[in-house]
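Take a look at the structure below.
The values are calculated or read from the model by the stated rules, or taken from the named source; none is laboratory data. Because the structure is predicted, anything quoted here is derived from the model rather than measured. So basically every Cβ, Gly included, is an ideal-geometry build from the backbone, and we count neighbours across all protein chains shown. Accessible surface areas use protein heavy atoms only, side chains included; no ligands, DNA or RNA. Shrake-Rupley method; radii C 1.70, N 1.55, O 1.52, S 1.80 Å.
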Amino acid sequence: MFKWWRGKREAAAKAGKLYAMASGWARAPHLYADLHVADTVDGRVAMLLLHVTILINRLGRMGPQGQQLATGVTEAYVEHMDDTLRHIGVGDLAVPRKVKKAAGALYDSHRDFGPALASADDAVSAWRHALHLQLVSRGASPNADIEPLAEHAMALTARLAALADDDILAGNLR
């Protein structure tokens, strides 16, 4: 029984570590300074969703263990949103509704970025369209430089694809 519990705890720790890495990527200063993503709550959430979606997509293609980690990363995202909302003073009664909205935003991100992540032919065009949906049309960052941001997303996707599954499953994303 304790092996099962310890295994769950270790999987949650790996997922939390992977989520923290994706969160760190989303806070990279060049996204805001050079690519003109708005340094606002909406802009930062959009970047978090982009990076978490790319990570979850990669994990989801790694079989049952990867899918379990993808679920853990999703849970870490939801927990982070809950903690953040409580930290900024959102009332206890409003938190579940706002967390549900944040989880819906992650779902929307998967829907919007899915074609770009699956596209092998005209990936730049697919990323441009998806980023326009996420940033410009939703007002998160109307002045974002979409072309370099699309290249950034493609490069991150390629770097994650080049990593060995075992390294990712171990929580190593160097």
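Values for this structure:
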quantity: Failed item, numbered, when His152 is tested on (1) assigned to a helix (DSSP H, G or I); (2) within 30 Å of Arg9 (Cα to Cα); calculated: (2)
quantity: Failed criterion for Asn172 (all others in (1) open to solvent by 10 Å² or more (accessible area, probe 1.4 Å); (2) at pLDDT 90 or above hold); calculated: (2)
quantity: Residues of region 18-35 classified as surrounded by fewer than 18 Cβ atoms within 10 Å (Cβ to Cβ) and either basic (Lys, Arg) or more than 15 Å from the chain's Cα centre (by Cα) (or both), total; calculated: 5
quantity: Selected residue (criterion: most open to solvent (accessible area, probe 1.4 Å)) from residues of region 101-128 that are of a type in the set (A, V, I, L, M) and more than 18 Å from the chain's Cα centre (by Cα); calculated: Ala120
quantity: Check on Leu93, farther than 24 Å from Ser141 by Cα, hydrophobic (A, V, I, L, M, F, W, C) and open to solvent by 20 Å² or more (accessible area, probe 1.4 Å); calculated: yes
quantity: Neighbours by Cβ (under 8 Å, 6+ apart or cross-chain): first from region 67-92, free of Cβ contacts under 8 Å to residues at least 60 places away in the same chain and among the acidic types (Asp, Glu); second in a helix (DSSP H, G or I) and surrounded by 13 or more Cβ atoms within 10 Å (Cβ to Cβ); calculated: Asp82/Val95; Asp82/Val99; Asp92/Arg86
quantity: Any hit, region 34-48, residues being of a type in the set (Gly, Ala, Ser) and either in a helix (DSSP H, G or I) or within 25 Å of Asn172 (Cα to Cα) (or both); calculated: yes
quantity: Sole residue being hydrophobic (A, V, I, L, M, F, W, C), without any contact (Cβ under 8 Å) to a residue 12 or more places away in the chain and out of contact with any His (no Cβ under 6 Å at 6 or more places or on another chain), chosen from Ala118, Ala102; calculated: Ala118
quantity: Filter result for the condition that a residue is loosely packed, with under 15 Cβ neighbours inside 10 Å, out of contact with any Gly (no Cβ under 6 Å at 6 or more places or on another chain), touching a residue at least 12 places away in the same chain (Cβ under 8 Å) and among the hydroxyl-bearing types (Ser, Thr, Tyr), over Thr40, Thr53; calculated: Thr40
quantity: Pair list, Cβ < 8 Å and 6+ apart or interchain, from region 129-150 residues that are open to solvent by 70 Å² or more (accessible area, probe 1.4 Å) to residues that are not in a helix (DSSP H, G or I) and not aromatic (Phe, Trp, Tyr); calculated: Pro142/Ala38; Asn143/His36; Asn143/Ala38
quantity: For Lys14: the one exception among (1) open to solvent by less than 30 Å² (accessible area, probe 1.4 Å); (2) assigned to a helix (DSSP H, G or I); (3) of a type outside the set (Asp, Glu); calculated: (1)
